[in-house]
Structure formats: C-alpha cells, structure tokens
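Visitor: Take a look at this one; I'll ask things after.
What follows draws every value from the coordinates through simple rules; no lab data is involved. Quantities reported herein were computed from a predicted structural model and do not represent experimental measurements. Cβ placement follows ideal geometry from the backbone for every residue including glycine, while neighbour counts extend to all protein chains displayed.
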Amino acid sequence: MLPGAWRLTLEQPAAGYRFSLEAFLLADFVPPAAAGPCVDLGTGCGVVALLLARRFPALPLVGVELQASLLALARRNVVANGLAHQVALVQADIRQLHRLFPAGAFRTAVCNPPYRPAGSGRLNPHPEKAIARHELTLTLPQLLQACRHLLAPRGLLVLVYPPARLAELCARLEAAGLRPRRLRLVHATLQEPASLALVEAVRGGRHGLTVLPPLAVYEAAGKYSAEMQAIFHGRGLAAQEQG
C-alpha cells in the first residue's frame, strides 16, 4: 500500500524488475498543467500511470509495455485500484507505436527508459531487469523518435535519466525536435554528485531551459529528506506549484 494521497495498492514481481523511488520522482515532476491523453512508455507494473491517475483524476492514460509478464501485473494493479475507466494498457514494442497510434495522438508522454547502452556493464541475468536497465530492445534515439511521432505540437515529454548521459540526452532531444524546458538534478544528499536527472521537453518548444533547485533524497543523518517524504505522500514539487 502506497502512503498518503497516492492511495494505491500495487503488486510487483518478487524476483523480477521492481519499481523504485524513480517512479515517485517522475510522477511528481509532471507539471500540474499537463494535458491528456498521456502515454506511459514502458509502464512495467503500471506504477507511474497509476500515480498519475491519482494526481490527475480526469487525465486519460495509456500504459505501453513490451513484456507480457509485467503487463499482466499492470492489468491486475489497474483493476485492483478501480482505475480501469482511466488507464488503458497496450502490449507493444515502443519502436512500432507509429503503427498503432496516429501522429500527435498524445499531449503528454512519460518514461523511465533503459539507462545503459547494450554492452556496457554487467547484464542482469533476469530478463525483466535486463530489458528495463539496458538498451537491449530500445535505444535512446528510437525512444525519442517514437515520442516525436506520438506527441502533438507543444506536447510534453517527461523522463528520468542518468546525469552521466545528460549531454547526450539533450543533444538527441534537440535533434528530435523535442526542446528541453525544465531540468532538476536529484542527489542522494546535497554533498554527493547527482544520481538522477528529471527532464521535461516540449515538441517544437522555444529555446530556454529552466534549471530547478536540486533535490536531496536523504538528509545527512540518512533519513529521507522532508521533500522526499512529501513526494512519497503526494505533496512534493507538484503540490507546491499548484499552491
């Protein structure tokens, strides 16, 4: 059972790919003015789509997942939380979504994509984890090409990515006509280098990037920071912006 305003019960694999705090950070970083329909690319067990359904009760959502085992979990989670009227699920390869959806079908896209290029680092022996973490079935250019097709003009892409590949991400976003608009770096503590980057891009947007204050996940004492606790309870950056 997720805490606070999220009010969600989620089932996830015991041994396969499991969601982490990145899901909360991504759902929180979506701007309050986000319009629908919204597509969650690589929805896994459906956690980000369900978090967004709680944040935006009127937002139509579509979750896309390649792996049948994870999609089955997502379907059970959608039904268990009474959100089948708001969240639709599709088993599909992101690289082939142009065959399923017309150009400009979505106003918002969210994604927690594979971070590691194929051939880099140790490949996890569990297939769910390997596909989720390494670019085995989807590269960054392929993802952004799909997003450009799916998003309407001025549509938003919100994603989480490793800072080590931030320069590459921004260059490839620009090349795909998806202009970076907001950036926030996430640190374990403010004394440590950033471990994640939250990025919002606009299809056909104007030049101009806003870099938000950094987010610390933990205090120096090892406890979750006040802001991270607020995000876990649905009262993070998004709630502050709405207020």
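Visitor: Please report, in debye to the nearest 20, how large the charge dipole of region 4-242 is about its Cα centre when each Lys and Arg carries +1 at its beta carbon and each Asp and Glu carries -1 there.
Guide: Using Cβ point charges on Lys, Arg, Asp and Glu, region 4-242 gives about 380 debye.
Visitor: Lys and Arg at +1, Asp and Glu at -1: add these up for the other residues within a Cβ distance under 10 Å of ALA197 and post the number.
Guide: +2
Visitor: Continuing with the same structure: Quick one: what are the phi-derived ³J(HN,Hα) couplings along region 47-53, Karplus 6.51/-1.76/1.60 with θ = phi - 60°, whole Hz, x for glycine and proline?
Guide: Ordered by residue, 3J(HN,Hα) equals 4, 5, 4, 6, 4, 5, 4 Hz.
Visitor: With just the Cα atoms of region 4-242, tell me how far they stretch along each of the three principal axes, in Å, largest first.
Guide: Principal extents (largest minus smallest coordinate, Cα): 48, 41, 41 Å.
Visitor: After finding the eigenvalues of the alpha carbon gyration tensor for region 12-112, what semi-axes result from the square roots of 5 times each, listed largest first in whole Å?
Guide: Each semi-axis is the square root of five times an eigenvalue, giving 19, 17, 13 Å.
Visitor: Okay, next question. Around ALA80, under 14 Å between beta carbons, what's the net of Lys plus Arg minus Asp minus Glu among the other residues?
Guide: Taking every Cβ under 14 Å from that of ALA80, the sum is +3.
Visitor: If Lys and Arg each add +1 and Asp and Glu each add -1, what is the summed charge of the other residues whose beta carbon sits under 10 Å from the beta carbon of ALA27?
Guide: Once all neighbours under 10 Å are counted, the net charge is -1.
Visitor: Could you tell me what percent of the DSSP beta bridges with both partners in region 4-242 are antiparallel, to the nearest 5?
Guide: Around 40 percent of the beta bridges assigned by DSSP in region 4-242 are antiparallel ones.
Visitor: Sort ARG154, ARG55, ARG18 by Cβ crowding within 10 Å, fewest neighbours at the top.
Guide: ARG154, ARG18, ARG55
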